[in-house]
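Input: a single structure, listed below in structure tokens.
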Amino acid sequence: MKRSVFLCQYITLSNTKDTLHGSTFEQIYNENVKLVYNLCLQYVHNLEDAEEITQDVFLSVHDSMHKFGFQSKISTWIYRIAINKSLDFIKAKNTKKRFAFIYRLFNDNNEIQYEQSHFDHPGVLMENRQEITKIFKVIDRLPPNQRTALILNKIEKKSHSEIAEIMQLSSKAVESLIQRGKSNLQSKLKESEG
């Protein structure tokens, strides 16, 4: 993560007195960067995009350290920021794709050109890539709360109570989201097969 070295150096040089509950920004960064990066990667499936979002997350953490109210753990707060930044990134990217698609509808050649996003996830073996890509495409079509609950539960291995804290929901609401997400995932996978 080349960009993150620059980020950490910049923030360390710009404001070395920032602390949160006795931890410096650099300590918070080092303790959470891998978790944030992996979580972002679960949303965007692309190394460079995950790095960009991770950088944005830690810029927000740095800029908001003084606002943290200690109503949750620091890692929970950072997870919440990472999820929101990931979802915002996806929305922005989809908006750009829509605009580009509309623009191409009216270009001189009257050719519609669609560029499919590239699935680039380091944890997926080459022989499994096609099947995993299909599953992640279906996960990406789930409503944001269901997608988040499934990612946190099945991929990040978070408990229902941890997910409830991160998503600021009750445990029953999280359980319901996971069940609906699994059900929707199964039916969407069956639709795409048949």
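Measuring with a 1.4 angstrom probe and ignoring ligands and nucleic acids, S171 comes out at about 60 Å² accessible.
Would region 42-83 count as rounded, prolate or oblate if I go by the C-alpha gyration tensor, calling it rounded below 1.5 in a/c and otherwise prolate when a/b exceeds b/c, oblate otherwise? Taking the square roots of the gyration eigenvalues as a ≥ b ≥ c, region 42-83 is oblate. For the pair S183 and K134 in one chain, pulling the backbone fully straight at 0.36 nm per residue adds 16.0 nm over the alpha carbon distance. With both labels modelled 7 Å from their Cα along Cα-to-Cβ, the E191 to K154 distance reads 1.6 nm.
Please give the contour-minus-distance gain from K172 to R80: 0.36 nm per residue of separation, less the Cα-Cα distance, rounded to one decimal in nm. List each step's numbers first, then the result.
Working: separation 92, 0.36 × 92 = 33.12 nm, distance 1.89 nm.
So the extension gain works out to 31.2 nm.
Summary of packing: across the peptides 142-152, 65-75, the per-residue average of other C-beta atoms within 10 Å ranks them, highest first, as 142-152, 65-75.
The values are calculated or read from the model by the stated rules, or taken from the named source; none is laboratory data. Every value quoted in this text rests on a predicted model; they were computed, and no experiment measured them. Because the Cβ atoms are built from the backbone with ideal geometry, glycine has one as well, and the counts that use them run over all protein chains shown. Quick note on the areas: whole protein, heavy atoms, side chains included, nothing else; ligands and nucleic acids left out. Shrake-Rupley method; radii C 1.70, N 1.55, O 1.52, S 1.80 Å.
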